[in-house]
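Reviewing the structure listed below.
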Amino acid sequence: MPSKSPAQRLRDIVDNVDAIEAFTAELDLAAFTRDRKTVYAVVRALEIISEASRRLPAEITSRRAEIDWVAIAAAGNVYRHEYEAVDESLIWHTVRHDLAALRGVAAAELAALAS
């Protein structure tokens with residue numbers, strides 16, 4: 001049975017951001033778009049991040065308004081249901097410009113829960 005724990009959801013976010021960083025560490029946009037396996041792996045990790053974000057309690061998401069939780073949830077729907085519209089350059093932009101802030105918030109919230 002899946003965990004309903006906010007801490008587990010936050011760990012899922014941190015772990016999958018870390019995985020994406022590892023998958024893409026040595027790549028630039030051109031290499032990323034040519035590497036179908038890495039694109040698939042990154043999209044899957046983004047799906048997990050999206051789903052984990054949906055399951056966070058409102059007390060966390062409302063406290064962390066600097067993160068666009070609605071957009072993260074909506075992106076998961078695109079990855080799953082409108083996959084033909086997924087653009088590798090937009091994924092790359094997300095990887096390079098948006099995930100660090102999300103990871104920071106998730107890690108801070110996780111630390112707060114642990115204390």
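For the stretch 55-64, the Karplus equation 6.51 cos²θ - 1.76 cosθ + 1.60, evaluated at θ = phi - 60°, returns couplings of 9, 6, x, 4, 4, 7, 5, 6, 6, 10 Hz by residue, with Gly and Pro reported as x. At full extension, A65 and A100 could sit 11.1 nm farther apart than now, given 0.36 nm per residue minus the alpha carbon distance. Fully extending the segment from S115 to A22 would add 30.6 nm, taking 0.36 nm per residue of separation and subtracting the current Cα-Cα distance.
By the compact-protein rule of thumb, 2.2 N^0.38 Å, the alpha-carbon radius of gyration of the stretch 56-115 corresponds to a ratio of 1.29.
Calculated mean residue ellipticity, 222 nm, the chain: -24500 deg cm²/dmol, from DSSP H runs (n ≥ 4) at -39500 (n - 2.57) each, averaged per residue and rounded to 500. So what J values fall out for the stretch 104-112 if you push phi through Karplus, 6.51 cos²θ - 1.76 cosθ + 1.60 with θ = phi - 60°, rounded to Hz, Gly and Pro as x? Along the stretch 104-112, the couplings run x, 5, 4, 5, 5, 5, 4, 5, 5 Hz. Evaluated with a Cβ-only charge set (Lys, Arg +1; Asp, Glu -1), the stretch 6-114 carries a dipole of roughly 280 debye about its Cα centre, given to the nearest 20.
If r is the Cβ-Cβ distance from A74 to L29 and R0 is 30 Å, what FRET efficiency results, to the nearest 0.05?
E between A74 and L29, to the nearest 0.05, is 0.85.
Label separation (K4 vs A41): 3.5 nm, computed from points 7 Å beyond Cα along the C-beta direction.
Highest-first packing order for the peptide set 35-44, 21-30 is 35-44, 21-30, based on the mean count of other beta carbon atoms within 10 Å. Using alpha carbons only, how many degrees (0 to 90, rounded to 10) separate the axis of helix 6-24 from the longest principal axis of the chain? Roughly 20 degrees, rounded to the nearest 10.
Would you be so kind as to identify which of A31, S115, V70 lies farthest towards the positive end of the dipole of the stretch 26-115, taking Lys and Arg as +1 and Asp and Glu as -1 on Cβ and the Cα centre as origin? Result: S115, furthest along the dipole toward the positive end.
Look at E66, E51 and count the other Cβ atoms within 10 Å of each Cβ; fewest to most, that gives E66, E51.
For the chain, a Gaussian network of Cα nodes joined below 10 Å ranks I91, I48, I60 by mean-square fluctuation, and the top entry is I60.
Sorted fewest first by neighbouring Cβ atoms within 10 angstrom, H93, H81 come out as H81, H93.
This ranking places I49, I20 by how few other beta-carbon atoms lie within 10 Å of each, fewest first, which gives I20, I49. Volume per residue of the convex hull around the Cα atoms, evaluated for the stretch 1-58, comes out as 82 Å³.
With only the Cα atoms considered, the chain has a convex hull volume of 106 Å³ per residue.
Just so you know, all these numbers are worked out from the coordinates, no wet-lab data involved. It should be emphasised that the depicted structure is a prediction, and the values quoted were computed from it without experimental measurement. Cβ sites come from the backbone with ideal geometry, for glycine too, and all protein chains shown count toward neighbours.
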